[in-house]
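Asks: My questions all concern the structure below.
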Amino acid sequence: MITSLQCDFNRGLAYKSPTQIARVVTEHWCARNLYCAACHEEQLQEMPANTRAFDFRCRNCSATYQVKSQKQLNLKKVTDGAYSIMVSALKQNVAPNILVLNYNSEWTVKNLILFPSVVFTEDVLEKRKPLAKAARRAGWIGCNIVLSRVPNEAQISLVTDTAIIPADEVREQYRKYNALAKVPWDLRGWTLDVLNVVKRINANEFDLTQVYAHHAALTEAHPGNRNVKAKIRQQLQILRDLGFVKFLGHGRYRTARS
Ligand SMILES: [Zn+2]
């Protein structure tokens, strides 16, 4: 549970490197304030860390979180570990969620944004170039997570410009998107794209022709798929099963929120 936005900068006094200071100070804050978005657990357990990232795990539901601390907020992309390991974790729904923690020069947490791993589709996960022959781990392929490609509504704020968002709102939004875990990873890109179209239509009720109107963009995003209209209908059924839309019959739909 977030009780204070102030980090204890004394934690960093024993260190010289700015990266290390930032890590120690923000890690300490996280251990005291992070809660689980996937269940009711009010504190997260710290996991053995490597140099740059540190991770937390929920004792109750096993959800994992990887924290990326930033003094300058950058929601474009973050680097992550091995591409193949990430793909396999995503397929099994065990990949860590990413928390971007942005702090200011007074060591106050300014923004904290949760990116649920369930939306790290093939489009969001970017394969990096293999390391050069001269490198110690030549041929190793890492990945980036392109945060800017995560739909806006799936970017869940825990803290926005030093305002703490109520945990029930955070958990509700997380729960909504986590339903996507039921869709196989390779198909999730489609589901999210059709969901984005529905959001773009931006009406309480809409019909199939309005979704079909985005046919060209969806075809472009998914080349190689010949029957895009059938795919759209299939994805609308998935979105209905996940609770994002309701079917009214005769090709009419209602967004679940209304
Ligand atoms: Zn949990």
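Asks: Charges only on Cβ, +1 for Lys and Arg, -1 for Asp and Glu: so what's the dipole of the chain about the Cα centre, in debye to the nearest 20? Display every interim value, and only then the final one.
Replies: Details: 36 positive and 22 negative charges, 166 e Å.
Roughly 800 debye, rounded to the nearest 20.
Asks: Let me ask another. In the chain, which cysteines lack any other cysteine Cβ under 4.7 Å from their own?
Replies: Within the chain, the cysteines lacking a partner Cβ under 4.7 Å are 7, 30, 143.
Asks: Which of the trypsin sites (Lys or Arg not before Pro) found in region 212-252 are in a DSSP loop and have at most 13 neighbouring Cβ atoms, other than their own, within 10 Å? Please list the in-between numbers first.
Replies: Values: sites: 226, 229, 231, 233, 240, 246, 252; in loops: 226.
The qualifying sites are 226.
Asks: In the chain, with Lys and Arg counted as +1 and Asp and Glu as -1 at Cβ, which of these residues, 138, 156, 2, has the Cα nearest the positive end of the dipole, that is, farthest along it?
Replies: Checking the options against the dipole of the chain, the answer is 138.
Asks: Here is a further query. Can you sort 27, 205 by 1.4 Å-probe accessible area, starting with the largest? It would help to have the intermediate numbers written out before the result.
Replies: Values: 27 25, 205 75 Å².
Ranking 27, 205 by accessible area, largest first, yields 205, 27.
Asks: Then there's this: How large are Rg and Dmax for region 148-258 when only the alpha carbon atoms are used, in Å?
Replies: Reported Rg and Dmax, both Å: 15.0, 48.
Asks: Work the Kirkwood hydrodynamic radius out for the chain: mean of 1/r over every pair of different alpha-carbon atoms, inverted, in Å. All intermediate terms of the calculation are to be shown ahead of the outcome.
Replies: On the way: mean 1/r = 0.0503 Å⁻¹.
By the Kirkwood definition, the hydrodynamic radius is 19.9 Å.
Asks: Run the accessible area of region 5-144 with a 1.4 Å probe and give the carbon-and-sulfur part as a rounded percent. All intermediate terms of the calculation are to be shown ahead of the outcome.
Replies: Numbers: 3710 of 7490 Å².
The nonpolar share, carbon plus sulfur, comes to 50 percent.
Asks: In the chain, with Lys and Arg counted as +1 and Asp and Glu as -1 at Cβ, which of these residues, 37, 253, 105, has the Cα nearest the positive end of the dipole, that is, farthest along it?
Replies: Comparing the listed Cα positions along the dipole, 253 ranks first.
Asks: Determine the per residue accessible area of the chain with all protein chains present and a 1.4 angstrom probe, expressed in square angstrom. Write down the numbers at each step before the final one.
Replies: Numbers: 13840 Å² over 258 residues.
Ligands and nucleic acids excluded, the result is 54 Å² per residue.
Asks: If I fit a long axis through the Cα atoms of helix 228-241 and take the longest principal axis of the Cα atoms of the chain, what angle between them do I get, 0 to 90°, rounded to 10?
Replies: 60 degrees
Asks: To continue, here is another question. Quote the relative contact order of the chain in percent (integer), defining contacts as alpha-carbon pairs under 8 Å separated by 6+ residues. Spell out each step's value before the answer.
Replies: Details: 418 pairs, mean separation 34.4, N = 258.
About 13 percent, as a whole number.
Asks: Here is a further query. Taking region 13-114, how much of its Cα-Cα pair set, in percent, is spaced more than 19 angstrom apart? Walk me through the numbers before you get to the answer.
Replies: Details: 2289 of 5151 pairs.
Everything past 19 Å amounts to 44 percent.
Asks: Cross-link candidates for residue 246: which aspartates and glutamates have Cα within less than 20 Å, leaving aside residues fewer than 8 places away along the same chain?
Replies: 153, 172, 193, 205, 207
Asks: Once both axes come from the Cα atoms, what is the angle between helix 167-178 and the longest principal axis of the chain, in degrees from 0 to 90, rounded to 10?
Replies: 50 degrees
Asks: Does anyone have the angle between helix 188-201 and the longest principal axis of the chain? Alpha-carbon axes, 0 to 90°, nearest 10?
Replies: 70 degrees
Asks: Quick one: among 208, 187, 131, which has the greatest mean-square fluctuation in a GNM of the chain with alpha-carbon springs under 10 angstrom?
Replies: In this elastic network of the chain, the residue with the biggest mean-square fluctuation among 208, 187, 131 is 131.
Asks: Here's something else I'd like to know. Placing +1 at every Lys and Arg Cβ and -1 at every Asp and Glu Cβ, with all other atoms neutral, what dipole size does region 80-206 have around its Cα centre, in debye to the nearest 20? Show your work: numbers first, answer last.
Replies: Details: 16 positive and 13 negative charges, 143 e Å.
The dipole of region 80-206 has a size of about 680 debye.
Asks: Dipole magnitude of region 33-95 about its Cα centre, charges +1 at Lys/Arg Cβ and -1 at Asp/Glu Cβ only, in debye to the nearest 20? Walk me through the numbers on the way to the answer.
Replies: Working: 8 positive and 5 negative charges, 67 e Å.
In total the dipole reaches around 320 debye.
The values are calculated or read from the model by the stated rules, or taken from the named source; none is laboratory data. All values reported here derive from a predicted model rather than from experimental measurement. Here the Cβ is made from the backbone with ideal geometry for all residues, glycine too, and neighbour counts use every protein chain on show. Side chains included, ligands, DNA and RNA excluded: accessible areas come from the protein's heavy atoms. Shrake-Rupley method; radii C 1.70, N 1.55, O 1.52, S 1.80 Å.
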